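The values are calculated or read from the model by the stated rules, or taken from the named source; none is laboratory data. Given the structure is predicted, the values throughout are model-derived calculations rather than measurements. Quick reminder, even Gly has a Cβ in these numbers, built from the backbone with ideal geometry, and neighbours come from all protein chains shown. The accessibility values were calculated without ligands, DNA or RNA, using every heavy atom of the protein model including side chains. Shrake-Rupley method; radii C 1.70, N 1.55, O 1.52, S 1.80 Å.
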Amino acid sequence: MDTSHHAVLTAVGDDRPGLVDEVTRYVTERGGNLEDSRMVNLRGQFAMMMLVAGGEEAMSRLQDGLGALRRESHVHAELRPADAGAAAGPPAMPFRLNTWAMDHPGLMQSVSHLLGGKGVNIESVDSSLRPAPYTNAPLFEMELVISVPATTSVAGLREAIAGLCDEMNIDWRLTAL
């Protein structure tokens, strides 16, 4: 199979049994190969992001069939070309940043703003709102996988994170991967 082309397929719709089967069958039947994915149920809305590989004909069939996928599976779906060369950047070190705090607006935006200002790229984020132990107060937790440029001082980054987290009453941990 010619897998010289890549695209990201996103699909969001009401969660129900069989939805993943329908969307992945759509990819397979058009000659695509699923290489990577993230899928999650968010309060009854099932969101899927998939990196699909295939030849030029497969990519064309995937694009041309989006209307049918939308109608038959009742999802909002888009296909975007993924240029592998665009992801390459300067050398970076991978880290995991875990944070947790009593929920209030702006937690993720404040952390992401600080990281972006330091030239740190966010590779992935998992966040959730859970009841805190003992009090059941809403506790917002984030796990970020980040790429810290080799030219960025990790000690300086830790100091900046500590300052922001102290100011916002956020507990945090930064670990190398």
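Considering each residue of the stretch 6-39, count those that are part of a strand (DSSP E or B) and touching a strand residue (DSSP E or B) at 6+ places or on another chain (Cβ under 6 Å), and give that number.
Result for the stretch 6-39: 15.
Scanning for something assigned to a strand (DSSP E or B), farther than 19 Å from MET168 by Cβ and either free of Cβ contacts under 8 Å to residues at least 12 places away in the same chain or touching a His at 6+ places or on another chain (Cβ under 6 Å) (or both), does the stretch 74-84 turn up at least one residue? Give the derivation first.
So the first thing to find is which residues in the stretch 74-84 are assigned to a strand (DSSP E or B), and the list is 75-81.
Among the residues that remain, those that are also farther than 19 Å from MET168 by Cβ are: 75-81.
Restricting the remaining residues to those that are either free of Cβ contacts under 8 Å to residues at least 12 places away in the same chain or touching a His at 6+ places or on another chain (Cβ under 6 Å) (or both) gives none.
No, every residue in the stretch 74-84 fails to be assigned to a strand (DSSP E or B), farther than 19 Å from MET168 by Cβ and either free of Cβ contacts under 8 Å to residues at least 12 places away in the same chain or touching a His at 6+ places or on another chain (Cβ under 6 Å) (or both).
Name the pairs: first residue in the stretch 106-117 and within 13 Å of MET168 (Cβ to Cβ), second residue at pLDDT 95 or above and charged (D, E, K, R), Cβ to Cβ under 9 Å, at least 6 apart or on different chains?
Partner pairs satisfying both residue conditions: SER110/GLU167.
Which residue is farthest from GLY117 (Cα to Cα), if the candidates are limited to the stretch 153-177 and must be of a type in the set (Val, Ile, Thr) and crowded, with 17+ Cβ neighbours inside 10 Å?
Across the stretch 153-177, the extreme among qualifying residues is ILE170.
Surrounded by fewer than 16 Cβ atoms within 10 Å (Cβ to Cβ) and of a type in the set (A, V, I, L, M, F, W, C): is that true of MET142 in this structure?
Criteria not met by MET142.
Can we say SER147 is among the small types (Gly, Ala, Ser), in a strand (DSSP E or B), farther than 18 Å from SER37 by Cα and at pLDDT 95 or above? Please lay out each step first, then the result.
Details: among the small types (Gly, Ala, Ser): yes; in a strand (DSSP E or B): yes; farther than 18 Å from SER37 by Cα: yes; at pLDDT 95 or above: yes.
Here the answer is yes, as SER147 does meet what is asked.
Test of understanding: among ASP83, ASP64, ASP15, which residue is out of contact with any Pro (no Cβ under 7 Å at 6 or more places or on another chain), modelled with pLDDT under 95 and of a type in the set (Asp, Glu)?
ASP83
Are there any pairs with C-beta distances below 7 angstrom linking a residue in the stretch 39-65 that is of a type outside the set (A, V, I, L, M, F, W, C) to a residue that is in a strand (DSSP E or B), with the two at least 6 apart or on different chains, and if so which?
The qualifying pairs are GLY44/ASP14; GLN45/VAL12; GLN45/ASP14; GLY54/HIS5; GLY54/ASN33; GLY55/HIS5; GLU56/HIS5; GLN63/LEU79.
Condition check ((1) β-branched (Val, Ile, Thr); (2) over 30 Å from GLY156 (Cβ atoms); (3) open to solvent by less than 60 Å² (accessible area, probe 1.4 Å)) across all residues:
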position	(1), (2), (3)
PHE46	no, yes, yes
GLY54	no, yes, yes
ALA77	no, yes, yes
ALA82	no, yes, yes
ALA101	no, no, yes
MET108	no, no, no
ASN121	no, no, no
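Since ASP15 meets every condition but one in (1) open to solvent by 30 Å² or more (accessible area, probe 1.4 Å); (2) out of contact with any Gly (no Cβ under 6 Å at 6 or more places or on another chain), which condition does it not meet?
The single condition ASP15 does not satisfy is (2).
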